[in-house]
Amino acid sequence: MANLMLFEIKNLNFESGKYNIQNRYFKNLENLVLLLKEEINIKIEIAGHTDSIGDNNANIILSDNRAKSVKSYLVRNEISESRIKCVGYGEKQPITNNSTKNGREKNRRIEIRILK
């Protein structure tokens, strides 16, 4: 089985119903670009997530679009598309309760999994 590591981007969260990356997260993404340029054999999975508001199918699409927005950023910064897999998990993997505004915000996130 493949060795799996998680590259944590602290709180790369999204506004409700949106998939555009907010400017405050670009520094963290720049660090990921540097890592991927240094470790040229690493492949990653970008996992997009949503809160539980809205239709499950719409949340799958939204989470996939969140992952693709991060992929797009990486590709624009000279990381090969062939090294990047995107997955939209929708609301299926919450990290906290969706019953509060703060909890829902934390669940609207991206996780980067390093696949070796």
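Numbers for the structure displayed
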{"quantity": "Loop-resident sites, the stretch 51-98, for GluC sites (Glu not before Pro), counting at most 11 other Cβ within 10 Å (DSSP)", "calculated": "78"}
{"quantity": "Fully extended contour minus Cα-Cα distance, from residue 57 to residue 105, at 0.36 nm per residue", "calculated": "15.4 nm"}
{"quantity": "Nearest-ten-degree value, helix 56-76 long axis tilted from longest Cα axis of the chain", "calculated": "30 degrees"}
{"quantity": "Where the chain is the region considered: accessible area per residue in Å², 1.4 Å probe", "calculated": "59 Å²"}
{"quantity": "FRET efficiency, residue 18 to residue 78 (Cβ-Cβ, R0 30 Å, nearest 0.05)", "calculated": "0.70"}
{"quantity": "Lysines whose Cα lies under 26 Å from that of residue 27, excluding same-chain neighbours fewer than 8 positions away", "calculated": "10, 18, 37, 43, 68, 71, 85, 101, 106, 116"}
{"quantity": "0 to 90° range, to nearest 10: angle between helix 26-38 axis and the chain longest Cα axis", "calculated": "30 degrees"}
{"quantity": "Relative contact order (%) - the chain, alpha-carbon pairs under 8 angstrom, separation at least six", "calculated": "43 percent"}
{"quantity": "Å³ per residue enclosed by the Cα convex hull of the chain", "calculated": "101 Å³"}
{"quantity": "Table column - 3J(HN,Hα) (Hz), the stretch 19-24, Karplus curve with 6.51, -1.76, 1.60, x for Gly and Pro", "calculated": "9, 7, 7, 6, 3, 5"}
{"quantity": "Fully extended contour minus Cα-Cα distance, from residue 113 to residue 39, at 0.36 nm per residue", "calculated": "25.2 nm"}
{"quantity": "Table column - 3J(HN,Hα) (Hz), the stretch 45-51, Karplus curve with 6.51, -1.76, 1.60, x for Gly and Pro", "calculated": "10, 9, 9, x, 9, 10, 7"}
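The values are calculated or read from the model by the stated rules, or taken from the named source; none is laboratory data. Owing to the predicted nature of the structure, the values given are computational and were not obtained by experimental measurement. Every residue, glycine as well, gets a Cβ built from its backbone with ideal geometry; the counts of neighbours run over all protein chains shown. The area values use the complete protein model at the heavy-atom level, side chains included, leaving out ligands, DNA and RNA. Shrake-Rupley method; radii C 1.70, N 1.55, O 1.52, S 1.80 Å.
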